[in-house]
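As structure tokens, the structure follows; a few thoughts come after it.
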Amino acid sequence: MSTLITGIGELTTNASDGPLHDAAVVLDGERFAWIGAANSAPAADDRVDIGGRAALPGWVDSHTHLVFAGDRTAEFEARMAGQPYRAGGIATTVAATRGASDEQLSTNLHRHVTEAYRQGTTCLETKTGYGLSVPDETRSARIAAAIADEVTFLGAHLVPPGADAESYVDLVCGDMLDAVAPHVRWTDVFCETGAFDEAQSDRVLRAAAARGLGLRVHGNQLGTGPGVQLAVRHGAASVDHCTYLTEADIEALAASDTVATVLPACDLSTRQPLAPARALLDAGVTVALATNANPGSSYTTSMAYCVATAVLQMGLSIAEAVYAATAAGAKALRRNDVGVIEVGARADLQVLDAPSVTHLAYRPGVPLTRAVWRLGHRIPAAEWPSAVYESTIER
């Protein structure tokens, strides 16, 4: 079944030099079939007029940790009272996740993914990493694969309490990797003080590459370190956090095709400096925005919040921030079928209750996502309010 969405006041495609005005698109099944001027639109089985509103690709959230149980409110309150963020807090979630049933983990994941969809996210990656044993990591990967678009194995998230670090890395690179590999596309490692050092991280990445998995790295979150250089050296799809970078790190990223994924909601929640996204872009690095949704350091599924923060506090233009949250997120997942609106791409689209994407930063905190299509299916179906924005669109 095909659907014509017309009356688009401003259409951001990421496939053209700038937004289109007075535009329309046709969704046919799970793909975009036509894009162009509204007055030239072909007929379709169904027609939706969005009354001059802005439309853009669905958000691509390329970094989340949503297979978990439990709550870390107390840790957040302590951090807001002045205690520093440390990687070891992950152990609290590990204990709760190990004690949860499959049904509880699946229900929680589904709830958070649905929450993200309703805010305009249409492609979402999530990680394991709160099991840290062969059976718990395997079930986390299996549960994630049933719900999320992309799944990453993060057995190398933290050394479990009481375990020997080298022996645990042996487990991650051996039996654990073998067990989770059928359910995941990626492997990640937390290369950071308090987690895994450079040599241990290198072992994890080599083992994953040997299994044919794509590579990602948590790096340079809590201080300068080897994470970025390690990611570039291994040809990782992305290195995520990038809060503390040297000039050499930025130069290495600029000379590579590794995406620097910045996580501003996490930086704010942990009271860290915001990642130097402006400097990265100016150097020619591809920069993606993601939520890092997790119960400890960034408990949000709002990509719009990340976009607004990138514009208001990180020095990005609205166009740069939207691109980082859509097409660049797709690049961080090595995908070209999402994050763009073009013929043949996946029919993922969101409509804002605003005439322009500028309102994402102009009206921060306001829930502007009015409707979402994912794989050509509208979620959720809702009546359109009577107000239109044709008279306010700048030509």
Within segment 106-118, is even one residue open to solvent by 40 Å² or more (accessible area, probe 1.4 Å), without any contact (Cβ under 8 Å) to a residue 24 or more places away in the chain, of a type outside the set (G, A, S) and under 20 Å from A95 (Cβ atoms)? yes
Pairs only if they're at least six apart or on different chains, beta carbon under 6 angstrom, first in segment 58-86 and within 23 Å of M303 (Cα to Cα), second hydrophobic (A, V, I, L, M, F, W, C) and part of a loop (DSSP other than H, G, I, E, B); list them, first residue then second. W59/A325; V60/V338; D61/A290; S62/A290; S62/L333; H63/A290; A69/A100
With the requirement that a residue be among the small types (G, A, S) and either open to solvent by less than 40 Å² (accessible area, probe 1.4 Å) or closer than 22 Å to A319 by Cα (or both), what does segment 26-40 give you? G29, G36, A37, A38
Taking the condition of being free of Cβ contacts under 8 Å to residues at least 40 places away in the same chain and under 30 Å from L333 (Cα atoms), how many residues in segment 34-57 meet it? 1
Restricting to segment 1-39, what's the tally of residues that are among the charged types (D, E, K, R) and not in a strand (DSSP E or B)? 2
Can you tell me which condition C123 does not meet? The list is (1) in contact (Cβ under 8 Å) with a residue 24 or more places away in the chain; (2) part of a helix (DSSP H, G or I), and all the others hold. (2)
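Give D71, D61 a once-over and let me know the one that is open to solvent by 60 Å² or more (accessible area, probe 1.4 Å), at pLDDT 90 or above and not aliphatic (A, V, I, L, M).
Working: D61 fails: open to solvent by 60 Å² or more (accessible area, probe 1.4 Å).
Just one listed residue meets the conditions, D71.
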Quick one: how many residues across segment 41-58 are surrounded by fewer than 23 Cβ atoms within 10 Å (Cβ to Cβ) and touching a Phe, Trp or Tyr at 6+ places or on another chain (Cβ under 9 Å)? 8
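State all residues of segment 341-374 that are of a type in the set (K, R) and in a loop (DSSP other than H, G, I, E, B); if no residue qualifies, say none.
Hit for segment 341-374 is R363, nothing else.
With the requirement that a residue be part of a loop (DSSP other than H, G, I, E, B), under 13 Å from the mean Cα position of the chain (by Cα) and among the hydroxyl-bearing types (S, T, Y), what does segment 313-330 give you?
Initial filter on segment 313-330 (part of a loop (DSSP other than H, G, I, E, B)): 315-317, 325-326.
Narrowing further to those that are under 13 Å from the mean Cα position of the chain (by Cα): 325-326.
The one that is part of a loop (DSSP other than H, G, I, E, B), under 13 Å from the mean Cα position of the chain (by Cα) and among the hydroxyl-bearing types (S, T, Y): T326.
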Inside segment 40-61, can you point out the residues that are within 21 Å of D353 (Cβ to Cβ) and part of a loop (DSSP other than H, G, I, E, B)? I50, G51, G52, R53, G58
Going residue by residue through segment 93-103, is there one that turns out to be free of Cβ contacts under 8 Å to residues at least 24 places away in the same chain and either exposed (fewer than 12 other Cβ atoms within 10 Å of the Cβ) or under 23 Å from the mean Cα position of the chain (by Cα) (or both)? yes
Could you tell me how many of the residues in segment 8-18 are at pLDDT 95 or above and within 23 Å of the chain's Cα centre (by Cα)? 4
Could you pull out the residue among S133, S140 that is of a type in the set (S, T, N, Q), open to solvent by less than 60 Å² (accessible area, probe 1.4 Å), out of contact with any strand residue (DSSP E or B) (no Cβ under 8 Å at 6 or more places or on another chain) and in contact (Cβ under 8 Å) with a residue 60 or more places away in the chain? S140
Restrict the check to segment 279-292 and report whether at least one residue is open to solvent by less than 10 Å² (accessible area, probe 1.4 Å) and in a helix (DSSP H, G or I). yes
Residue pairs, Cβ under 6 Å, 6 or more apart or interchain, first in segment 1-25 and under 12 Å from E342 (Cα atoms) and open to solvent by 50 Å² or more (accessible area, probe 1.4 Å), second of a type in the set (A, V, I, L, M) and assigned to a loop (DSSP other than H, G, I, E, B). List them. A15/V340
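Tell me, please, whether a residue that is of a type in the set (D, E) and in contact with a Cys (Cβ under 7 Å, 6 or more places away or on another chain) can be found in segment 194-201.
Taking segment 194-201 and keeping what is of a type in the set (D, E), we get 197-198.
Checking the rest, the ones that are also in contact with a Cys (Cβ under 7 Å, 6 or more places away or on another chain) come to 198.
Yes.
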Conditions (1) closer than 28 Å to D178 by Cα; (2) at pLDDT 95 or above; (3) loosely packed, with under 15 Cβ neighbours inside 10 Å; number of the one not met by G88: (2)
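Hey, any hits in segment 331-340 for a residue that's among the basic types (K, R), in contact (Cβ under 8 Å) with a residue 24 or more places away in the chain, in a helix (DSSP H, G or I) and open to solvent by 10 Å² or more (accessible area, probe 1.4 Å)?
yes
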Residue check for A310: at pLDDT 95 or above, in a loop (DSSP other than H, G, I, E, B) and open to solvent by less than 10 Å² (accessible area, probe 1.4 Å): no
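The values are calculated or read from the model by the stated rules, or taken from the named source; none is laboratory data. Computed from a predicted model, the values in this text were never measured in an experiment. Backbone-built Cβ (ideal geometry, glycine too); neighbour counts: all protein chains shown. The area values use the complete protein model at the heavy-atom level, side chains included, leaving out ligands, DNA and RNA. Shrake-Rupley method; radii C 1.70, N 1.55, O 1.52, S 1.80 Å.
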